[in-house]
């Protein structure tokens, strides 16, 4: 069947209906006739023109290789010497597609192949027109990819008030999910967009750097190098190998943390090297980076696993690193800003219960000027160490205090929710529900099951992040579900929770 191109500037509704009826009749008459070769549909739909060439064409094949299949092939790809062997056949087009193609609606060309294989053996792509407004259209539903090893990170970009979630997929690519309103999201494959090294799939961290008006992502590649991706107002991403730039030791590939020290707006990235020493990478200007071995500097015990946290205390401008040693003691390294570091065994000094060694978090509660360290002990209780003055700590068992469910043991996060005037702790319980503990100043602890409240999927206990979305006054929780997909729920000051519709 050969429908030659004709100029029909403006068809009436009646003429369009006649065309549709004609194609339907042809399709019905030849519905059962087999198609072996190609369907070529280059349609300039917006101009109401249609040119279809549907041909049956067989490549010479040996009896051994001979098989029937559909092959998409552009018209010009057929060698001139072979065109005389083509014989026409008729094809049934789906009714819905016929109506769309005849009536019009999008100015572009669509090449649709039946089994998506060129005659050359290459697979073509189905290309849709680009939006003239944005190179990355906002989608109502984004097909996220499975997360590798629970590797997720999320934080607010202070510069534009957006929240940015990143995760590592099974191919080692870093995927970014971003929104300014919590409703309209965009996803970007940053590895593909920047040509950055493939991630090892274990861990990554993110933070906002106000001094550079940029949002930063640090991750570890398969060789143990730490890389930094960053982007500013122009949305142009840049990549830097921090291990190479600072001449730093290789990473163990499993621990990575970050924070910005407000005293001089310096960037701090903390990791464990292959000897389990705590290494710190520091930069004031984002160009020059310096590495320091804090384990050697303090002569402190090495961490047993990956339970490490890094943070600062604005009250006295001190820097802190908390971790779990091989004997399950909670250790703290701190520096008051003079460049000197000291180490303390908090378990030994204050009789804190032994840690399970899987997770530990540290942060400050600004409204009360309190420094806090939370961890899970070997009985699955949430434990807390609290300090209001340097080097003086109190210990509390929050699970006993709040009578909330036991922790599963691997995921824990905590943060200062300034808009709600509370500090918040979240963890995954034994039923794979996300539990929240919150405390207003001078009041009692409150507990809530966020999984039930937000009708959220079950959590896998492999990745959990929580923080304050300052520009919106909301709480944000990001986690990996039991199917290994990234999920997020957002809570407001009035107590309502909703899931993020990627």
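Measuring nothing but how far apart in sequence close Cα pairs (under 8 Å, 6+ apart) lie, relative to its length, the range 155-255 scores a relative contact order of 19 percent. Sorting the segments 353-364, 143-154 by their mean number of nearby beta carbons within 10 angstrom, highest to lowest, gives 353-364, 143-154.
Put in order of Cβ neighbour count within 10 Å, fewest first, the listed residues 485, 311 become 485, 311. Listing 203, 278 from fewest to most neighbouring C-beta atoms within 10 Å gives 203, 278.
Each 20 Å bin, from zero up to the one with the longest distance, holds this percent of the alpha carbon pairs of the range 147-499: 32, 63, 5.
Packing, taken as the mean count of other beta carbons within 10 Å per residue, orders the peptides 436-446, 487-497, 470-480 from highest to lowest as 470-480, 487-497, 436-446. Placing a label point 7 Å from the Cα of residue 235 along the Cα-to-Cβ direction, the residues of the range 164-184 whose backbone N falls under 13 Å from that point are 178-180.
Computed from the C-beta positions of residue 391 and residue 432 and an R0 of 45 Å, the FRET efficiency is 0.70 to the nearest 0.05.
Applying 1/(1 + (r/R0)^6) with R0 = 30 Å to the Cβ-Cβ distance of residue 455 and residue 262, what FRET efficiency is obtained, to the nearest 0.05?
0.20
In the P(r) worked out for the range 366-502, what percent of Cα pairs fall beyond 26 Å?
20 percent
Distance between the 7 Å Cα→Cβ label points at residue 213 and residue 349: 4.2 nm. Summarised as an ellipsoid, the range 192-284 has semi-axes of 21, 17, 10 Å, derived from the eigenvalues of the Cα gyration tensor scaled by 5 and square-rooted, with the largest first.
Cβ crowding within 10 Å ranks 284, 166 as 284, 166, fewest other Cβ atoms first.
Just so you know, all these numbers are worked out from the coordinates, no wet-lab data involved. These numbers come from a predicted model, not from an experiment. Backbone-built Cβ (ideal geometry, glycine too); neighbour counts: all protein chains shown.
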